[in-house]
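Worksheet: the structure to be examined is printed underneath.
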Amino acid sequence: MSERDDEVTMNGKSMNLSGNKLKIGDRAPDFEVIDNNLKPACLKNFSEKVLILSAVPSLDTSVCDMETRRFNMEAEHLNKNIKILTISMDLPFAQKRWCGAAGVDRVVTLSDYKTASFGQAYGVLIKELRLLARAVFVLDKDRIIRHIQLVREITEQPDYTAVLDVAKKLV
């Protein structure tokens, strides 16, 4: 597994990322995560959809909370052929509780806690913390990566407009 440094920071401190460095035009790698009902989930569970994959460190932090709520709000106005998945290392129980308390019902939350399969496949696993870096990937229906946004400072939010514009053009 490859390691990269100086691509993301947390409160200004450089973090090392583990996993593959992907680029626009790459075929999206598959992964296996756990859904809120403790069932395995992977890319094929969301076939025929343009996917927005939003990786966040933890839903129990203010920026991740704001980001996931914002994507949930935006999902209400998106074409039904666009699906937003938020992936974190939070346990499925915590994700389910958080979604219920936050009223998040349009974004699918998935947990990478078991094997870090997503984090390694997408190159966003923070080595020092075993958390996911803040990143957004947009995949077309053929599972080609059409947009990547690795947020340099983990405590900042992504560029929602850029992500949503790319996704909308793919349907």
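Observations on the structure shown:
- Every listed requirement among (1) of a type outside the set (D, E, K, R); (2) closer than 25 Å to Asn81 by Cβ; (3) surrounded by fewer than 23 Cβ atoms within 10 Å (Cβ to Cβ) is met by Leu139 save one, (3).
- Candidates Gly123, Gly119: the one that is crowded, with 19+ Cβ neighbours inside 10 Å, part of a loop (DSSP other than H, G, I, E, B) and at pLDDT 95 or above is Gly123.
- Selection of strands (runs of 3 or more DSSP E) fully inside segment 1-92 by the criterion of at least 1 residues being surrounded by fewer than 16 Cβ atoms within 10 Å (Cβ to Cβ) returns 3-10, 13-18.
- Within segment 103-150, the set of residues being basic (Lys, Arg) and over 16 Å from Asp90 (Cβ atoms) comprises Arg106, Lys127, Lys141, Arg143, Arg146.
So that you can scan it fast, the table gives a plain yes or no per residue for (1) modelled with pLDDT of 95 or more; (2) under 29 Å from Val171 (Cα atoms); (3) touching a Leu at 6+ places or on another chain (Cβ under 7 Å):
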site: Thr9; (1), (2), (3): no, no, no
site: Ser18; (1), (2), (3): yes, no, yes
site: Leu22; (1), (2), (3): yes, yes, no
site: Gly25; (1), (2), (3): yes, yes, no
site: Pro29; (1), (2), (3): yes, yes, no
site: Ser47; (1), (2), (3): no, yes, no
site: Val50; (1), (2), (3): yes, yes, yes
site: Thr61; (1), (2), (3): yes, no, no
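- Condition met for Val104 (in contact (Cβ under 8 Å) with a residue 12 or more places away in the chain, surrounded by 19 or more Cβ atoms within 10 Å (Cβ to Cβ) and not basic (Lys, Arg)): yes
- Which listed residue, of Val56, Val63, is closer than 19 Å to Val138 by Cα and in contact (Cβ under 8 Å) with a residue 40 or more places away in the chain: Val56
- Search result, residues across segment 136-151 that are in a loop (DSSP other than H, G, I, E, B) and either hydrophobic (A, V, I, L, M, F, W, C) or modelled with pLDDT under 95 (or both): Val151
The values are calculated or read from the model by the stated rules, or taken from the named source; none is laboratory data. From a predicted model like this one, the values you see are computed outputs, not experimental measurements. Glycine gets a Cβ as well: all are built from the backbone with ideal geometry, and neighbour counts include every protein chain shown.
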